[in-house]
1. Out of the residues in the stretch B:26-64 that are within 11 Å of chain A (Cβ to nearest Cβ) and assigned to a helix (DSSP H, G or I), state the one that is surrounded by the most Cβ atoms within 10 Å (Cβ to Cβ).
2. So how many residues does the stretch B:172-217 have that are in a loop (DSSP other than H, G, I, E, B) and in contact with a strand residue (DSSP E or B) (Cβ under 8 Å, 6 or more places away or on another chain)?
3. Filter the stretch B:1-25 for residues that are out of contact with any helix residue (DSSP H, G or I) (no Cβ under 8 Å at 6 or more places or on another chain) and more than 9 Å from every other protein chain (Cβ to nearest Cβ) and give the result.
4. Determine the pairs where a residue that is at positive phi, located within the stretch B:103-130, has a partner that is part of a loop (DSSP other than H, G, I, E, B) with Cβ atoms under 7 Å apart, the partner being 6 or more residues away or on another chain.
5. Just checking, does the stretch B:114-135 include any residue being touching a helix residue (DSSP H, G or I) at 6+ places or on another chain (Cβ under 9 Å), surrounded by fewer than 24 Cβ atoms within 10 Å (Cβ to Cβ) and assigned to a helix (DSSP H, G or I)?
6. Give the residues of the stretch B:79-91 that are touching a strand residue (DSSP E or B) at 6+ places or on another chain (Cβ under 6 Å) and not in a loop (DSSP other than H, G, I, E, B), sorted by residue number.
7. From A:49, A:8, which residue is more than 14 Å from every other protein chain (Cβ to nearest Cβ), surrounded by 17 or more Cβ atoms within 10 Å (Cβ to Cβ) and modelled with pLDDT of 95 or more?
8. For the stretch A:3-62, give me every one of the strands (runs of 3 or more DSSP E) that falls completely inside it and has 3 or more residues that are touching a helix residue (DSSP H, G or I) at 6+ places or on another chain (Cβ under 9 Å) and under 26 Å from residue A:135 (Cα atoms).
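The values are calculated or read from the model by the stated rules, or taken from the named source; none is laboratory data. Keep in mind it's a predicted model, so treat the numbers as computed, not measured. Cβ placement follows ideal geometry from the backbone for every residue including glycine, while neighbour counts extend to all protein chains displayed.
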């Protein structure tokens, strides 16, 4: 059985994995990081988005073995050690960017990848970037607002729908 | 998922060697192959991952001015890095979604040759050259039909070389659920002629619309296409669109691409 060695949320990790083990299963089952969700398991919904070397990827569509030598970031690593929410997490709370919350970890991880590349995205850019993240509750509007707010822009400018 | 083995060689030579073993399958970004394995539509015994091969990644320009892209280069890297070929970068930046673009690769897309994938249109529309571990294949000789290519068993796409056009554009009419092209048209104008490649529409996969190329050779404008129409015969039919609808979309997307080029 191959071994995969990587850094997850700043902690070095070394695990034996089967070839078929998906990154999301390693995170959830072996590391108990169950904040990364599996919605569709077919790379449509984006609930499983994590960062691998800083890039957003769908953890249900990458083998754990391929994460060898990488740095992986999950939702669990977003808040500070004392529980203080990240800027984006706080904005989701402030702007009611979630209802059932199932898609939220993937939304937050996608949003943070977007803001890293594009610190002041337009509403259209946000909506385009979230194309691979599906939410069945909110209608996306408050998610977009939260990301606008997290980027330090004026939320009032977001078009009402 | 069923049980299989995986190897991750770090050189092209080692990957080629590994792929000579029986019942192996090359794995690139896996954005199509992993869902395929989950559904057991393919069940190879051993996957040979090509994601750990540095010599297959990156973008550069060669001595003849062609843009060379390593077979293992992701869509996101092409979207960011193909600055000499904006139409190609724009095309790559609209494949799937951001997370898919961070994994999916040009070589993987071309080896798979999905009839609705974007890359085949860009490669055929540019008259690009597909470089493998054994040879160079002209785009016109590479795409043989739906999911069929000129690649031999165990052959790996190591690089794709694009001649840079004077003007080019890609227009995709997106199937909103899958984000594949319902119809996608890549138009590129070169000194020696215009090329028009259509994806998403034909039962035979990507194809060149040669009537449009001839019309655009003499008059590179959307109006040059006003009297033309692709025959609906042989076009795909599904719940998203009839052959006639796709035929119309081909014309509309081609006109838009010419206008935006």
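1. So the residue we want is B:34.
2. Result for the stretch B:172-217: 9.
3. Matches in the stretch B:1-25: B:13, B:14, B:15, B:16, B:17, B:18, B:19, B:20, B:21, B:22, B:23.
4. Pairs that qualify, where the first residue is at positive phi and the partner is part of a loop (DSSP other than H, G, I, E, B), are B:113/B:147; B:113/B:205; B:127/B:163.
5. The answer is no; no qualifying residue exists.
6. Scanning the stretch B:79-91 gives B:81, B:87, B:91.
7. Details: A:49 fails: more than 14 Å from every other protein chain (Cβ to nearest Cβ).
Exactly one residue qualifies, and that residue is A:8.
8. Values: elements: A:3-8, A:11-16, A:49-52, A:55-58.
It comes to A:49-52, A:55-58.
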